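In what follows, a single structure is set out as structure tokens and then discussed.
The values are calculated or read from the model by the stated rules, or taken from the named source; none is laboratory data. Everything numeric in this text was worked out from a predicted model, so none of it was measured. FYI the Cβ positions are ideal-geometry reconstructions off the backbone, even for glycines, and counts take in every protein chain you see.
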Amino acid sequence: MNWEAHGADLEPAIFAEQNADLWTYVPVGPFRDRAAAQGVLSYVAGQRNWQTLTIIPKDSQKPEGMASYMRLRPEYGSAEIGCVIFGPGLHKNPRRHGNALS
């Protein structure tokens with residue numbers, strides 16, 4: 001997660017108050033803004049070794065979501081993928097994928 005490069009675009013996509021419902025089944029959040037999200041996600045990165053990545057679709061080239069590698073266990077070659085958040089731009093939408101309904 002590169003906060004300087006992606007934080008401003010992620011804020012309205014997943015961190016703003018209107019997106020609180022995206023965080024219902026996630027172990028952290030929801031967050032009222034980017035600063036709150038950055039504080040918590042930086043903490044878990046340092047304390048629990050979460051590696052959080054930004055999801056950037058090819059068509060928009062704008063950050064629209066995130067996912068974290070958690071419980072990294074290199075000795076077993078395993079990791080848990082969690083804290084997956086798809087902003088509204090990533091939600092299934094027939095018009096976005098060229099299958100507009102008439």
Reported set for the stretch 15-65 where residues are under 14 Å from VAL84 (Cβ atoms) and hydroxyl-bearing (Ser, Thr, Tyr) is THR24, TYR25, THR52, THR54
Do we have ALA67 as of a type outside the set (Ser, Thr, Tyr), at pLDDT below 95 and closer than 20 Å to LEU22 by Cα here? no
What single numbered condition from (1) out of contact with any Cys (no Cβ under 7 Å at 6 or more places or on another chain); (2) at negative phi fails to hold for SER68? (1)
